[in-house]
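Single-structure report; data block below.
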Amino acid sequence: MYPAVGTAAVFLRGLVLAEHVYGNPSLRRFADIDVLVNRRDVPSALQAIERLGGVPRKGTLGNGYYYRNHFHLERVMGGGQGSTVELHWNLDHRYTLFTIDVAGLIGRSVPVQIGAALVQVLEPVDDLLGLCLHAVKHCPAVRYFPTAPLLPRRILLDGWLTQMLDVAMALQRYGEVDWERMVSTARSWGAESAASGAFTAVQAMFGIGPPAPVLQRLRAPARHARLGRGLVKAFVDPARTLQPIEERRRLTRLILQKWRFQEDAVFHPVRLLDLLNYFAPSRADLARWFGTPRLRPYWWWWARHVTTSIGSLAFGLCDLLASRLAARLRRSPSANRQPERSD
């Protein structure tokens, strides 16, 4: 708890990871400071950041869009000239079907000394699992590692090495991990696939990972395997995606460049498999999502989930386009032109 703000907060990755896990800030580059709070505490935490000089980055959308559709927003300190602070209320967007207990994460956090400050960080199991989710968020195909044998090369070429190295360094730093709780937590979040994919890739690249029985227990049955292989081959396999062929880049350019969507956004092509899994959940997925241990009949709960989700996704996309249009109109010369005075 930070008395000046009255908000429980946990620091993620960045400088804290460099100091606490790497043991040397020069070994781990970072571009921002990530802070996790409960969603209800976002307004007060945001006010505290703004009182310290944080301002929105130029060109970003209004707070309302991020509250409704995202899982964090950012402020640039020093009146726009300093470091960036990302204020999180979750670890990933809702279309992954993750059911992450943020309050539990914050409640189990532990204090560590970083320089002259005592700050809260995630305890080892939560930190490892969170790092796996972060790696998959930036490199979604990590979870399909067995079907993408050239993935380590793509990780190196596209700058995803840091996320994978974070997992490896945390495994080395924490040593003895409560793997039983790791498995149960991953299952309660619905994150088995993300955890097993990240751990498998780290094992192949750095030679460090959880015990084989733990990996086996984390591996969830593959769904939509054929589509998954196709998406990985089209968007991840270096043998194809590094070819300078315009037709293969058209969809990616449209989504990432013309509309300026981030690479880890929900609308990125590689995350189409996330959306497919989201709209074709298993009974266990629905039970976690709705907090109901036994779902009968399945079709009723599935229809309820799909109906609300299609509305939410469509609203989010329209909200994004409308927000982009409004921002563009605000920046247009005609919008800033002063009206002429008439005598």
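Here, each number is a calculation from the coordinates, and none is a lab measurement. A quick note: this is a predicted structure, and the numbers were derived from the prediction, not measured. A quick note on method: Cβ atoms are made from the backbone with ideal geometry, for glycine too, and the neighbour counts reach across all protein chains shown.
What ranking do Trp299, Trp289, Trp189 get, fewest neighbouring Cβ atoms within 10 angstrom at the top?
Trp299, Trp289, Trp189
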### Task
Could you tell me which of rounded, prolate or oblate describes region 1-122, using a ≥ b ≥ c as the square roots of the eigenvalues of the alpha-carbon gyration tensor, with rounded for a/c under 1.5 and, failing that, prolate when a/b is larger than b/c and oblate otherwise?
rounded
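Would you mind getting me the FRET efficiency between Asn90 and Thr292? Use the beta-carbon distance for r and R0 = 22 Å, nearest 0.05.
That pair, Asn90 with Thr292, gives E of 0.55.
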### Query
What nm distance separates the two modelled labels at Arg328 and Asn38, each placed 7 Å from Cα along Cα→Cβ?
4.1 nm
